[in-house]
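Below is one structure, written out as structure tokens; comments come after it.
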Amino acid sequence: MAGEAGEGTKLWGGRFTGATDPIMEGFNASIGFDKRLWAADIQGSQAYARAIEKAGLITGEESTAIIEGLNKVHEEWASGKFELQSGDEDIHTANERRLTELIGEAGRKLHTGRSRNDQVATDTRIWLRDNILVLRDHILDLTSVLVKRAIQEIDILMPGYTHLQRAQPIKWSHWLLSYAWMLKRDLERLDEIRGRVNILPLGSGALAGNPFNVDREFLAKELKFEGVTGNSLDAVSDRDYIMEFLFWGSLLGVHLSRWAEDLILYSTKEFGFVSLSDAYSTGSSLMPQKKNADSLELIRGKSGRLFGNMAGFMMSVKGIPSTYNKDLQEDKEAMFGVFDTLEGILQVAEGTLSTLKIDKVACRSALSPDMLATDLAYYLVRKGIPFRDAHSLSGGCVALAEKKNCLLSELTLADLKTVSPLFEEDVSHVWNYENSVNQYAVYGGTGVDSVTAQASNLTAWLNSAKAKYQNFAAQAKGGGSEA
Ligand code: ARG
């Protein structure tokens, strides 16, 4: 079999005489997935042509020929006309092969001083820093829906849970905003990660650096990187910028999975708080009465593969010696996989949330006076009883209601007085869910004042976060270094 394999135009073909086993050829090739880097690869190569012209390695005409040739390659990719050939091992090989076909000899000079090792690190960094902004926009959109709903539906009360047991009455909007805060932190983390991704490794060569003194600051500026890497060995072999992104994606997935799980529960007949629009749910092929929350189940389910990509790639990297090893080629499927999964999750989450209906009455009827047992204790605290004692006295009232087989709020004043003489007529004020919720007025609490303040702080933050990358081209500036 191996003897029959065809000779491709391999970049490293010089000292290899035997053919590659076709199975190995397929096993080795990354073009099937790294072709997504085509635009980033062309961008990097055009900047590199300018840099080697500046370093006196190619003439102005050669540089122009390369840049224009790459523009044609760009057009071919963009119009779907780029034809892959059997020897196109990866995107770097494919683009250079095509360039040389188009412009001849000058194309063979482009790679001077460069290696696919610094090239692939550059390409993935360009791709990731640009596509991070796509996810960023989706997170902002989803967060905006959470905040808008919270403002519009601020009056709705529902049970808050711990251990999935009814705990205390809260505002539905407080629940919504709890996830907005998580997403805010996810977005802030993403911005920090983007800063570390957006550092240029080009000029690191295969591992030792660049022997022709290419101007790396110039390259960084051309490619809108915020700085240059400080060590060539590190630059070609670490993929921490990808692993951070994979972890980040897993964490966002955990948040959205929990969010989905809450809504799955709330959409069951047992809770009945929300109903999903038909656009984001499906029926059962067997049971006509069913409406399944498939969108949310898929969000919950797909969060698993985010973690899988992170764990898988980290295992690939952990044992590799310095510097580049082919194991690192595994980075791309993990990175694209996490990106694609999150792009789907975030858009479906936004659609599901913006179209679901909340049943105000069902939420309210899920509240019961026993959820105000803490308030009963606070009543006694306000009369000067230490909380530990008040807690146990309130517990005595709960036990009494159970014994009398009535609601906690149905105990008469006389009943209550058997537990503590401090109970008076005004205890009736305790049995009011609105009052109960609004007493949590401290910032961060579920009271109306706090929720309003949260929503306005989040709105202000959303506006500044949206403005941050509005002028992306102007924002991403060259210069600086990883010092
Ligand atoms: N396709 C390769 C990758 O993704 C490009 C780098 C190849 N470098 C090498 N020394 N074989 O990692």
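Every number in this text was worked out from the coordinates using simple rules, so none of it is lab data. This one's a predicted model, so the numbers in the text were calculated from it and none came from an experiment. When we count neighbours, we look across all protein chains shown, and the Cβ atoms used for this are built from the backbone with ideal geometry, even at glycine.
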_Full-extension gain between Q85 and N457, please, as 0.36 nm times their residue separation minus the C-alpha to C-alpha distance._
128.4 nm
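Explain nothing, just the number: relative contact order of the stretch 36-100, from Cα pairs under 8 Å at least 6 residues apart, as a whole percent.
Numbers: 36 pairs, mean separation 26.0, N = 65.
Worked out over the stretch 36-100, it gives 40 percent.
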*Gained length - C406 relative to E75, 0.36 nm times residue gap less alpha-carbon distance*: 111.5 nm
*Spin-label point model (7 Å from Cα, Cβ direction): what's the A311 to L164 distance in nm?*
2.2
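At 222 nm, what helix-only mean residue ellipticity would the chain give, in deg cm²/dmol to the nearest 500, using -39500 (n - 2.57) for each DSSP H run of four or more? Show your work: numbers first, answer last.
On the way: 19 runs with 284 residues, N = 483.
So the calculated ellipticity at 222 nm is -19000 deg cm²/dmol.
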*Using the Karplus equation 6.51 cos²θ - 1.76 cosθ + 1.60 (θ = phi - 60°), what ³J(HN,Hα) coupling, rounded to whole Hz, does each residue of the stretch 83-88 give in order, writing x for Gly and Pro?*
9, 6, 10, 4, x, 6
_Would you report the distance distribution of C-alpha pairs in the stretch 190-287 as whole percents per 5 angstrom bin, up to the bin with the largest distance?_
3, 11, 13, 14, 10, 7, 7, 7, 6, 7, 7, 5, 3, 1, 0
*Against the longest principal axis of the chain, how steep is helix 448-468, in degrees 0 to 90 to the nearest 10, with axes from Cα atoms?*
10
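Arranged by the count of other C-beta atoms within 10 angstrom, fewest first, what order do R364, R15 take?
On the way: R364 15, R15 5.
Arranged by neighbour count, lowest to highest, R364, R15 become R15, R364.
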*asked:* Calculate the FRET efficiency for T64 and L265 from the Cβ-Cβ distance with a Förster distance of 41 Å, rounded to the nearest 0.05.
replied: 0.05
*asked:* Please compute the modelled spin-label separation between F33 and H429, points set 7 Å along Cα→Cβ, answer in nm with one decimal.
replied: 6.4
*From zero up to wherever the largest Cα-Cα distance of the stretch 326-415 sits, split into 10 Å bins and tell me the percent of pairs in each.*
14, 23, 15, 11, 16, 13, 7, 1, 0
*asked:* Could you tell me how far the Cα centroid of the stretch 247-291 sits from the Cα centroid of the stretch 144-181, in Å?
replied: 16
*List Y266, Y324, Y161 from most exposed to least, where exposure is judged by having the fewest other Cβ atoms within 10 Å.*
Y161, Y324, Y266
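How far, in nm, would the chain grow between K318 and V442 when pulled straight, counting 0.36 nm per residue and subtracting the alpha carbon separation? If you can, show how the numbers build up before the last one.
Details: separation 124, 0.36 × 124 = 44.64 nm, distance 4.67 nm.
This chain segment gains 40.0 nm when fully extended.
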